[in-house]
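Student: This is the structure I want to talk about, given as structure tokens.
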Amino acid sequence: MHDQHAEDIKQATRKYIYVFLALLLGTVITVVASYVPFGIKAVNIGVALFIASVKAFLVAGYFMHLISEKKMIYGILSATGFFFVGLMFLIIWSEADQVGNFFK
Amino acid sequence: MDIPYTIEARPDTGLYNAKVGIWLFLASEVMLFGALFSSYVMLRVGSLEWPHGLLNVPIGTLNTVVLITSSITVVLAWASLKLKDFSKFKLFQGCTVLLALTFVIIKSFEYHDKFTHYYVQYNDGAQIVEKTGHLEGNPLNWTLATLADPARSIAEITFHPDAAKDEHGPAHGEHPAPIKIATSQIKKLESFGPWHSTYLAIYFTLTGLHALHVIGGAIVIGYFWGPGSRMWKTEPARLTNRVEVSGLFWHFVDLVWIFLFPVLYLL
């Protein structure tokens, strides 16, 4: 982020407070949802990871200013995302016959 | 020699150099933690049983709140510098360091709890019995070798078995009465360290690496709060950029914990 007017910073500060409250709420929901018996473990895992992803988006998007960054940063992160997803899928594919155990 | 582009943006990237540097570093960090997360998935998928309720959820939740709070104080410290309010910067930056220390202290209590929690396997005269619980006096990380040490000459231990547990929380209900076990009857004694199970191995690896990041980040943020803040008098814009860069690292540390908490404590 470059030089900004004081008013912009004050507006951003208000946004940070809202994001902070949303993160706290997300934490509470994550804990409560983990106690809800959805029946299938996969649902509990999916819900927890979904909430964590929303929280991660809020931190990265607003606290780390990724919502309005320069193209170069997006370029770096696109490459990172590609290799990260590859890393996760390689492992999952290599254990594909055992994936069912994960959701027991 | 002046280091170029510490304040003004480079024309080709549109960013000051430290910002490009920290994002490249964070990209490598994503791959580091990504490799460990994928290891976690592989270990969990490959195991037939995965323990639940070994960690204290309220403590983990408290640490999550501590880290989230530190994330907002670090961004407010940067915003204060942007608004040229140095005293508020000192306040928020100081709060961040304190919250980081709080996180590490809470984590160390959790670790201590694991190294004083034991698994024992012994022969009660009729059969082999397995129990988990605590030793009298809460000694740290004893093994069978500790009991066999001639210098200690421990003939028997007093073992306090765990109460029944539910899936998530701490033990509830009455603790069973303590039992005395002769050292000669004990087949195996180990604390809940990383050697105890695959789950604890990945737990200590992930949280230990994360804790090292918290400590490293706290040192840098503490430096900018203390001696490094003198730069405000000579190069305020450069200090502001330094604080932003250290803040980006701190948010990443928070971001990793956002995933570690449900994965290790709740699921």
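Rule-based calculations on the coordinates, nothing more; no lab input. Here the structure is a predicted model, which means the values were calculated and not measured. Every residue, glycine among them, receives a Cβ derived from its backbone with ideal geometry; neighbour counts consider all protein chains shown.
Student: What 222 nm value per residue comes from the helices of chain A, counting each DSSP H run with n ≥ 4 as -39,500 (n - 2.57) and dividing by all residues, nearest 500 deg cm²/dmol?
Tutor: Calculated at 222 nm, the ellipticity per residue is -25000 deg cm²/dmol.
Student: For A:Ala79 paired with A:Val36, estimate the spin-label separation in nm (one decimal), with each label point 7 Å from Cα along the Cα-to-Cβ line.
Tutor: With each label point 7 Å from Cα toward Cβ, the separation is 4.1 nm.
Student: Hey, another quick one. Which cross-chain or sequence-distant (5 or more) residues have an amide H under 5 Å from the amide H of B:Lys188, H modelled 1.01 Å from N in plane?
Tutor: Close amide H contacts, sequence-distant or interchain: B:Gln121.
Student: Another question about this same structure. Nearest 0.05, what FRET efficiency do B:Glu174 and B:His52 give at R0 = 25 Å with Cβ-Cβ as r?
Tutor: That gives a FRET efficiency of 0.70.
Student: Any idea how many Lys pairs in the range B:85-205 come in under 19 angstrom at the alpha carbon, given 8 or more places apart or on separate chains?
Tutor: 8
Student: Checking the a/c ratio against 1.5 first, then a/b against b/c, what shape does the Cα gyration tensor give for the range B:1-82?
Tutor: Cα axes put the range B:1-82 in the oblate bin.
Student: Quick one: length gained pulling B:Glu235 to B:Ser87 fully straight, 0.36 nm per residue minus the C-alpha distance?
Tutor: 51.6 nm
Student: Please say if the range B:116-191 is rounded, prolate or oblate, where rounded means a/c under 1.5 for a ≥ b ≥ c the square roots of the C-alpha gyration tensor eigenvalues, and otherwise the choice is prolate for a/b larger than b/c and oblate otherwise?
Tutor: Note, shape of the range B:116-191 comes out prolate.
Student: Within the range B:43-133, which trypsin sites (Lys or Arg not before Pro) sit in a loop by DSSP and count at most 16 neighbouring Cβ atoms inside 10 Å?
Tutor: For trypsin sites (Lys or Arg not before Pro) across the range B:43-133 that sit outside H, G, I, E and B with at most 16 neighbouring Cβ atoms in 10 Å, the list reads B:Lys84.
Student: As an exercise, use a Förster radius of 22 Å and the Cβ-Cβ distance of A:Ala22 and B:Thr102 to find the FRET efficiency, rounded to the nearest 0.05.
Tutor: 0.50
Student: Gaussian network model of chain B, Cα springs within a sub-10 Å range: biggest mean-square fluctuation belongs to which of B:Pro236, B:Pro58, B:Pro176?
Tutor: In this elastic network of chain B, the residue with the biggest mean-square fluctuation among B:Pro236, B:Pro58, B:Pro176 is B:Pro176.
Student: For the range B:121-158 and the range B:40-72, write down the distance between their C-alpha centroids in whole Å.
Tutor: Each part's Cα centre sits 29 Å from the other's.
Student: Now a separate question. Classify chain A: rounded, prolate or oblate, from the alpha-carbon gyration tensor (a ≥ b ≥ c, eigenvalue square roots; a/c under 1.5 rounded; otherwise prolate if a/b is larger than b/c)?
Tutor: Verdict is oblate for chain A.
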